[in-house]
Amino acid sequence: MRAIAAIFRADFNQHIQYRASALAGLTTQFFWGFMYILLYMAFLRSNPSAFPMTQRELMSYVWLNQGLLIMVVIWFVDLRILDDIVKGNVAYELCRPMDLYHYWFIKSVSRRLARAWLRMVPLFAVAALLPQPYRLMPPISLLHGLAFLVSMLLGFFILNALTMFLYAGTFYTLNPTGIRTLMAAFMDLLSGSLIPLPFFPDAIRRVLELLPFGSVQNAPFLIYSGHIPTERILPTILLQLFWCLVLYAWGRLLFARMIRRVSFQGG
Amino acid sequence: MLRLYTKYLDMNLRAQLEHRQSFVMMLLSQALLAFSSFLVLQILMQRFGSVGGFGLDEVMLSFAVTWMSFSLAETFVRGFDRFSVLIANGGFDRVLLRPRSAILQVLGSTVDFSRLGRLLQALIILILVAVRGPIQWDFLRLLTLGNMLVGGFCVFSGLFILQAGVTFFTTEGLEIFNIFTDGGREFGSYPMLIYGQLMLRFFTFVVPIALFQTYPLAYLFGRSQNLGLVFLPLLAGLFLLPAYLLWRLGRRRYESTGS
Amino acid sequence: MITVNGLSKSFRVRRRQAGFGQAVRAFFSPKYEIIQALKDLNFGINDGEMVGYIGPNGAGKSTTIKILSGILYPDEGKVRINGLVPWKDRMQHVARIGVVFGQRSQLWWDLPVADSFELLRDIYRVDAQRFKHNLDELVQALDLSLILQQPTRTLSLGQRMRCEIAASLLHDPAILFLDEPTIGLDARNKIAVREFIRGQNRRHGTTVILTTHDMQDIEALTQRILLIGNGRLLLDGQIDELKRRVSPLRRITIEHSGPLAELPAGVSIEDQRPGQTKLQVDTSRVSVSEAISQLAKKLEIEDLTVAGPTAEELVLSLYKEYTL
């Protein structure tokens, strides 16, 4: 616990040092958020009845997506781990007194959290102060707000569990950028990062909601805004829990096989 | 000069082919990313039918032109996109130690052929639109299309060069350019008009993306007979001027203060 | 012919703060300080000289090299290299110099060395015949024939360094700047590199300016050293002279039979082994010849060698003298 706190503090300091970078990153995300909003508004104007969510729901989706980007997108992976895998240093990692899967999992979690924290706070602060209708509104009810936090946590867990698959994939193909880009492309589309899932044709949307990708950001964000009504909160969260367990178990199996292979072949 | 550039192209290609598996994977990933964006476009257009008064074909053309010119710029002007790496590892010192144009050397330092994956994807879209029939193709229209690609190439290249110029002054905060490069590509997939008058004006006079997609689009689809639109995209080439000026300014500074 | 007059250069550097509170303060009002990298340098180097440019880290060595090579321009001062002003006539000037950075490579990582050489030929516009002639000569002298077709990334450090040096000479530069050329190399490669550079200087009259911390490089390659410290030129002279000036000590190694009883004044024992003793003679107190004749009276001297301080000792004492 203390180690994690120390990592946070060091990361924090390092980020403040790069002032232009911090400001630039924030500005960039604001711009993207704005442009997405303008894009959707244009579509809304052209055919209001076809719009699958309310304006308020759209705004909260876009700003939550931007603010929590680092916690919902698979792209931000620890490049050093990928480097270690490709260079064949996995054998060294196994000498630690800690299970490899958990070790990398925790590293992945803390890395994302440390970076997300700095981006999230100012972005939400400003988004909440924007004029209507662009403003980020609070959750639709206290229940939804709490459910959102739980759902977000589970979604984050799923993201990191998926990241473990990325590591395993890199191990087997020894191609870090290729795997990363491919997974990012898939996930962006299927998880609702490029376009919220409600915009997909109904049949496809239902399938996507059942896949683990749909449980990363789609579930928590739609709970927040109330697009997922009260009675559907519990099933949604249970599905997320299901994926947490399945991906965790599956990932551990994969890692066990990977480790066996390392022990026989080395690196 | 051309001889040296072709040598650079040759060396870059061969170096990339050395890692064939990586190269192919990158190519496919790029194509996939482009396809993803196109899927989004399709999903939205199918659901809403039109946007800002533009139909599917017009949007598809906008997408194709923007992505094609972006990937061409990304392939051939990548040296400027990755300029911060060159500065950081002292490579630019080496550039200055050679009796050749710095710009030529930076261009030649990295030519990323894997980015052509996006080009391929966008080309397919372009062919689809061309074949579907809504455009009455004639010489002037083909010329317009060519100009649109040239204009787009100039704008995105200009952005990369601008970014490199800024790198001389600071290596932090460069991600802001991402707004105009990646952002320009993603949001330029749709005619700039749909984002409202303010955005249209910005993307006409500041970063002239609209000059090579929104305006000439009207001519291509027969909604306007104004011949000026055929050559309007070339005006976007003026964007290279401020980019080049900033580069020169930055370089003077580099020669004054070192790395 | 290199002439440097009144060369000065300063930099403005932003002060980076440690700690969270300081960092936030720096965010709003950054502080700068001015570092004087070079102060009023004056020296000249003739064609064909081999000069060592030494000084502690941060003394201004790389700044000087950058100015001399034309990629940095100074605040004040005049520099003329073969009639050209490096930073003003840059293109012309760099076509006639070669630079080797010990830590950085100019070869393409994934492609065979020969390809990188071909590219350099196009860059420097060397005509085909002259290029072939130079290449053959360099390949032979540096023993590159077996590695020429290998990708740079497969080479050992020693092999790569030899290729780097060859690369810097393909266009017949009149002046060669070497920045830490033997760093990280094993003894065999170091010697090969030094031999080659000496040969190059002999055969082609290439002026060589060497920046290094490796004192054996200095000893082997240069007769003249320029010492720079805190941005100023502290010393400019022949190595032998300097050795004499800086240290009056001489080392005598004698092989003798029989024990060493008493030592003459001004002589002390440095190292003693059965049959062989290393002695130190303080020439300010007694001359070497006098010390030897006194020793000969008491000892049966079988063999005798006289040496001065090493370049290492020279530089260390110089640093101490100038409190660098």
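Worth pointing out:
- Cα-only Debye scattering, segment B:62-162: base-10 log of I(q)/I(0) at q = 0.15, 0.18, 0.23 Å⁻¹: -0.67, -0.85, -1.15
- Each Lys and Arg Cβ is given +1 and each Asp and Glu Cβ -1; about its Cα centre, segment A:26-139 then shows a dipole of about 240 debye.
- Per-residue shielding of B:70-83, expressed as the average number of other chain Cβ atoms within 10 Å of the residue Cβ, stands at 0.
- In chain C, taking the dipole from charged Cβ atoms about the Cα centre, the farthest positive-side position among C:SER69, C:ILE183, C:PRO248 is held by C:SER69.
- Neighbourhood net charge (15 Å Cβ-Cβ; Lys/Arg +1, Asp/Glu -1) for A:ALA147: 0
- In degrees, nearest ten, helix B:56-76 long axis to first principal axis of chain B (Cα): 10
- Bridge orientation summary for the protein assembly as shown: considering DSSP beta bridges with both residues in this region, about 70 percent are antiparallel.
- At most 12 other Cβ within 10 Å, DSSP loop - trypsin sites (Lys or Arg not before Pro), segment C:51-121: C:LYS88
- Entries of C:LYS61/C:LYS88; C:LYS66/C:LYS88; C:LYS190/C:LYS320; A:LYS87/C:LYS190; C:LYS39/C:LYS78 with Cα pairs more than 18 Å apart: C:LYS61/C:LYS88; C:LYS190/C:LYS320; A:LYS87/C:LYS190
- All lysines inside 20 Å of B:LYS7 as judged from Cα atoms, apart from same-chain residues fewer than 8 positions distant: C:LYS132
- Cleavage-rule hits (chymotrypsin sites (Phe, Trp or Tyr not before Pro)) in segment C:67-120: DSSP loop, at most 14 neighbouring Cβ within 10 angstrom: C:TRP109
- Debye-formula intensities of segment B:82-139, expressed as log10 I(q)/I(0) at q = 0.14 Å⁻¹, are -0.61 (one equal scatterer per alpha-carbon, no solvent).
- Dividing the Cα radius of gyration of chain C by its Kirkwood radius returns 1.07 for Rg/Rh.
- Point-charge dipole on Cβ atoms (K/R +1, D/E -1) for segment B:2-257, about Cα centre, debye to 20: 520
- For B:97-106, mean number of other protein chain Cβ atoms within 10 Å: 5
- Within the protein assembly as shown, all pairs of alpha-carbon atoms sorted by distance into 10 Å bins from zero give the percentages 2, 10, 16, 19, 18, 14, 9, 5, 3, 2, 1, 0.
- Taking amide H as placed 1.01 Å from N in the peptide plane, C:HIS213 has no amide H partner under 5 Å among residues 5 or more places away or on another chain.
- Principal axis dimensions, segment C:248-308 - Cα atoms, whole angstrom, descending: 28, 20, 16
- Taken along its three principal axes, the alpha carbon spread of segment B:2-257 comes to 55, 40, 34 Å, from the longest extent down to the shortest.
- Relative contact order [Cα under 8 Å, 6+ residues apart], chain A, whole percent: 26
- Cβ crowding within 10 Å ranks A:CYS95, C:CYS163 as A:CYS95, C:CYS163, fewest other Cβ atoms first.
- Only helices enter this figure: runs of n ≥ 4 DSSP H residues, each worth -39500 (n - 2.57), summed and divided by the residues of chain C, yield -11000 deg cm²/dmol at 222 nm to the nearest 500.
- Acute angle (nearest 10 degrees) that the helix C:288-298 long axis makes with the longest principal axis of chain C, alpha-carbon atoms: 40
- The mean number of Cβ atoms from other chains found within 10 Å of a Cβ in peptide A:203-214 is 0, as a whole number.
- Per residue, the average separation of C-alpha pairs within less than 8 Å and at least 6 apart gives chain C a relative contact order of 18 percent.
- Of all DSSP-defined beta bridges confined to chain C, some 70% are antiparallel rather than parallel.
- Radius, Kirkwood style, for segment A:2-265 when every pair of distinct Cα atoms is counted (Å): 19.7
- Derived scalar couplings ³J(HN,Hα) [segment A:166-181; Karplus, 6.51 cos²θ - 1.76 cosθ + 1.60; whole Hz; x for Gly, Pro]: 4, 4, 4, x, 4, 4, 7, 9, 6, 10, x, 5, x, 4, 4, 5
- Segment A:172-229: relative contact order in percent, alpha carbon pairs under 8 Å with at least 6 residues between: 27
- Helix axis angle, A:2-17 relative to chain A longest principal axis, alpha carbon, degrees: 60
FYI, it's all coordinate maths here, none of it is from the lab. Just so it is clear, the model here is predicted, and its values are computed rather than measured. Virtual Cβ from ideal backbone geometry, glycine too; neighbours counted across all protein chains shown.
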